[in-house]
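Undergrad: I have a structure I would like to understand better, so I am pasting it below and will then ask my questions one at a time.
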Amino acid sequence: MAGQTGMTYAGAGVNIDAGNLFTRMIRELIRENWPEAAQEIGGFAGGAKIPPGAVKFMGSTDGTGTVAILAALADELGGIGQNAVAMGAVDMYVAGARPTHLLDTLNVGHLVPEKHIKIIESIILGCLTSGCILIGGETAELPDMFKFPWMFNLDVAVIGFPDPELEYVPMEEGMQLYAWPSHGPGSNGFSLLRKVHRLRIQEDGFLGALRKIFKLQGSKSKVIDNLMKPRSDLGDKSLAEALLVPTPIWIPEMEASRKNGTRFAGHAHITGGGMVENIPRILPGDLKAMIWKYRISRPSIFRYTQEIGGISEDEMDRVFNQGVMVVSVVDPSGPGPVAPAFRIGEIQKRKEKLGAWEPQVDFKGKYN
């Protein structure tokens, strides 16, 4: 019919022009930080040179999880990219390989280039800290894939190459355990955190009404108010400030320690599963880690969450990092690692009692 306007992709919820603008903004950020990599952005695939002498590569992938929901609600997107980089790049480093290149996948309900570019800026900051280069990625506007159009999800893939300089010395009884601190939950445990602190958004219909009655969820405005309100138990910080602090990346400090003569026998990245699940991944079967809890000063968000939710100590230890981002096993014959690392325990022989082995992570005392 003459004069009738046909259907468009934008009308279906996907704005190609916004996507093109976002790509140009990303390319400019790459050009500012890695001029040699700018041409990689916008093509069908990204590439980079292989380090001299490399015979194999390693890959790691991870994401931010449901912390992205709170970051979107609080409109605090400046640290979320660093969280994702930390998950992938530190995993790579503790595996004995240097993270060198990174690709991201950013899925959004509705793309707002001026807002979502903060996520990319944060990814780049994480890359600069961990020593890798952002060489490409995918941004997809996916209407109807998310419950609300303001939601997003971020994943990264890290490529790295093993380095003989990062090889560990053999692990033995009597070696010392050092902790590299966390400043908060990072990207782990947020499904539980959102339930404890009533940060779930009410659904429509009968189910949503029931959830609201039982105080499991609230309206978007109430959840935002709850998220942004200062709390005396958190030193007058809001839940947003306590929960969304960016995950620290201690790779430069770990490298400084190694170059200073610290002899590492292993690093455990304390992500989902806490120290209980992650430390055993680096231990021989006949050794255990004795952790002195009283040496660890937990960020107040952990104590506050435990009290509000009535969560057992064992459950806290299995879900959260409890103030420790990385645990390093150190040979005591050399110097200890540089600050802010601090000693939290030692490696001991694992004993068998009544046909059962001791757990490989043994806690002593209470958190400071």
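Undergrad: If each of Thr105 and Ala10 carries a label point 7 Å out from its Cα toward its Cβ, how far apart are those two points in nm?
TA: If labels sit at Thr105 and Ala10, their model points lie 2.9 nm apart.
Undergrad: When the chain is fully extended, how far beyond the present Cα-Cα distance does Asp144 get from Ser333, taking 0.36 nm per residue of separation? Before the final figure, lay out the partial values.
TA: Numbers: separation 189, 0.36 × 189 = 68.04 nm, distance 5.84 nm.
Result for the pair: 62.2 nm of gain on full extension.
Undergrad: If one computes the Cα centroid of the stretch 261-300 and of the stretch 86-155, what distance in Å separates the two points?
TA: The stretch 261-300 and the stretch 86-155 have Cα centres separated by 27 Å.
Undergrad: Which angle from 0 to 90°, rounded to the nearest 10, does the C-alpha axis of helix 80-94 make with the longest principal axis of the chain?
TA: That works out to roughly 40 degrees.
Undergrad: Any chance you could get the radius of gyration and Dmax over the Cα atoms of the chain, in Å?
TA: So, for the chain, Rg and Dmax equal 22.7, 87 Å respectively.
Undergrad: Given the options Lys229, Lys293, Lys353, state which has the largest fluctuation in a GNM of the chain using a 10 Å cut-off (strictly under) for Cα springs.
TA: Lys353
Undergrad: Assuming 0.36 nm per residue, please report the length gained on full extension of the stretch Lys220 to Glu114 beyond their Cα-Cα distance. Show your work: numbers first, answer last.
TA: Details: separation 106, 0.36 × 106 = 38.16 nm, distance 2.25 nm.
Taking Lys220 through Glu114 to full extension adds about 35.9 nm, to one decimal.
Undergrad: Moving on to the next point. Expected output is a single nm value to one decimal: the length gained when fully extending between Lys349 and Ile311, i.e. 0.36 nm times separation in residues minus the C-alpha distance. What is it?
TA: On the way: separation 38, 0.36 × 38 = 13.68 nm, distance 3.07 nm.
Here the answer is 10.6 nm.
Every number here is computed from the coordinates shown, using simple stated rules; none is lab data. This structure is a prediction, so every number in the text was calculated from the model and none was measured. Please note: Cβ atoms are built from the backbone with ideal geometry, for glycine as well, and neighbour counts cover all protein chains shown.
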